[in-house]
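Taken together, the values in this text are just the output of simple stated rules run on the coordinates, not laboratory data. These numbers were taken from a predicted model, which means no experiment stands behind them. No Cβ is skipped: glycine too gets one built from the backbone with ideal geometry, and neighbour counts run over all protein chains shown.
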Amino acid sequence: MAEQATTEKKQRIFSAIQPTGVFTLGNYIGAIRNWDTLQKEYECIYAIADLHAITVKQEPKDLRANSLRAFALMLACGMDPKRSITFMQSQNPNHAELSWILSCSTMFGELSRMTQFKDKSQRHADNINAGLFTYPVLMAADILAYNADLVPIGADQKQHLELARNIAIRFNQRFGETFTVPDGYFPKQGARLMSLQDPTKKMSKSDENANACVFILDDKDTILRKFKRAVTDSDTVVAYREGKDGINNLMTIYSAVTGKSYEEIEREFDGKGYGDFKIAVGEAVADHLEPVRTEYARLSADKQYLLDCMKTGSEQAYRITRKTLSKVYRKVGFLDR
Ligand code: TYM
């Protein structure tokens, strides 16, 4: 029997995160942990989305420092520049270039329906800039430039991914097969972690209440304190039930970091109160994040290594996306350079 070809092409993954502060437990469980796992089976490309960050006012010196820190954090969370492409979005100009072309295949009405645009315009009423509005087109360009098959993200990015899919389909219909239509990849647990202080709201870096959000570089005492103060309800039984948003969120977190099912957690805390449970969640999260903190400390001491990885990654990213751009230029009808 003839030998079967073994050179099956790996599927490609793309995702990115903004460098607007230390990553949160929501970023980590909702997206970044999956980025790491996916490296085993896929061709992965991960970026720090600094172009996206300037849709909100940034102090240039802070943005520079935060971008380098975010890159170090990404590596500390397990992204391996030897296995995956890791880079800084602004160091690959093809993202911005493709974004312009795609914006001409995106409707004003579609962008107006983006809930994140509506939320952010409310929060930054003094700076509703055009970039904030066209942000999802840039995100579509990020993904489509690589012809990514899968995009590991949290639930809050689902609407943006849906738009990227629609843009790809529309472009393909008009100009012929050009882009892969990407699928989202969501964690089984924790696609939307909620604030520890108001469990009806998403856990977010920008929350004004310092206790609402766990950052992945928080030390153990801080993590324990935040979980001890987590808002729950007046019940006492640790159980996942409709309407018990605070406890449900804590159970989701505990399940995500320990791998235990809700039934197992309910059994473990049978007869114990919320207090014991909160301490256990805090301990489990702190232990889980400890290796990330250690690795971050190690990596951040070697700035040159980080800059070298970034440069190599950006060059690799550039080469892949230039091919896409050339194809797009031809399809659209631009003259050869
Ligand atoms: P960003 O930087 O806001 O968040 C990075 C990732 O973390 C996820 N996430 C959460 N998951 C669960 N619970 C939460 N509370 C939570 N908060 C954040 C987000 O869903 C995201 O996956 N626009 C993107 C960055 C981006 C991007 C891309 C992503 C730019 N280009 C292309 C994918 C593909 C953003 O602002 O994510």
Give me L68, L289 sorted ascending by neighbouring Cβ count inside 10 Å, so fewest comes first. L68, L289
Return the sequence-ordered ³J(HN,Hα) values of the range 69-85 in whole Hz as given by the Karplus equation 6.51 cos²θ - 1.76 cosθ + 1.60 applied to θ = phi - 60°, using x for Gly and Pro. 5, 5, 5, 4, 5, 4, 5, 5, 7, x, 5, 10, x, 7, 9, 10, 8
By its C-alpha gyration tensor, with a ≥ b ≥ c as the square roots of the eigenvalues, how is the chain shaped: rounded for a/c under 1.5, else prolate for a/b larger than b/c, else oblate? prolate
If I fit a long axis through the Cα atoms of helix 130-144 and take the longest principal axis of the Cα atoms of the chain, what angle between them do I get, 0 to 90°, rounded to 10? 80
So, counting K/R as plus one and D/E as minus one, what does the shell of residues with Cβ under 9 Å around Q18 add up to? 0
For the table K120/K220; K82/K331; K40/K188, the rows whose alpha-carbon distance is greater than 28 Å are K120/K220; K82/K331
Candidates per trypsin sites (Lys or Arg not before Pro) in the range 251-286, loop by DSSP, up to 10 other Cβ within 10 Å: none
Exposed GluC sites (Glu not before Pro) being those in a DSSP loop with at most 10 other Cβ atoms within 10 Å, the longest stretch of the chain free of them is 42-176
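Please report, in debye to the nearest 20, how large the charge dipole of the range 110-242 is about its Cα centre when each Lys and Arg carries +1 at its beta carbon and each Asp and Glu carries -1 there.
In debye, rounded to 20, the range 110-242 gives about 120.
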For the chain, what is the charge dipole size about the Cα centre, in debye to the nearest 20, if Lys and Arg each add +1 at the Cβ and Asp and Glu each add -1 at the Cβ? 1020
Pairs of alpha-carbon atoms within less than 8 angstrom and 6+ residues apart define the contacts here; what relative contact order does the chain have, in percent? 22
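Starting with the fewest neighbours, write out H288, H160, H95, H124 ranked by other beta-carbon atoms found within 10 Å of each beta-carbon.
By the 10 Å Cβ count, ascending, the order reads H124, H288, H160, H95.
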quick note, the chain, DSSP beta bridge pairs, % antiparallel (nearest 5) is 10
Using DSSP to call loops (not H, G, I, E or B), can you name the trypsin sites (Lys or Arg not before Pro) in the range 182-258 whose Cβ has at most 16 other Cβ atoms within 10 angstrom? K188, K201, K205, R229, R241
Skipping prolines and chain starts, which residues have an amide H placed within reach, meaning under 5 Å, of the one on L193, given they are 5 or more residues away or on another chain? M203
Per the C-alpha gyration tensor (a ≥ b ≥ c, the square roots of its eigenvalues), the range 1-120 is rounded if a/c is under 1.5, else prolate if a/b beats b/c, else oblate; here it's oblate
Under the Karplus relation with 6.51, -1.76 and 1.60 and θ = phi - 60°, whole-Hz ³J(HN,Hα) for the range 254-260, x at Gly and Pro, equal 4, 4, 5, 8, 9, x, 7
Going residue by residue through the range 168-180, the Karplus relation 6.51 cos²θ - 1.76 cosθ + 1.60 with θ = phi - 60° gives ³J(HN,Hα) values, rounded to whole Hz and with x marking Gly or Pro, of 4, 4, 5, 4, 4, 5, 6, 10, x, 3, 10, 10, 6
Acute angle (nearest 10 degrees) that the helix 94-103 long axis makes with the longest principal axis of the chain, alpha-carbon atoms: 80
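Based on the alpha-carbon gyration tensor of the range 214-337, what equivalent-ellipsoid semi-axes (square roots of 5 times the eigenvalues) come out, in whole Å, largest first?
Over the Cα atoms of the range 214-337, the ellipsoid semi-axes are 46, 22, 11 Å.
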If contacts are Cα pairs under 8 angstrom and at least 6 residues apart, what is the relative contact order of the range 18-150 in percent? 29
Reachable lysines from K226, Cα under 21 Å, same-chain residues fewer than 8 places away excluded? K201, K202, K205, K244, K272, K278
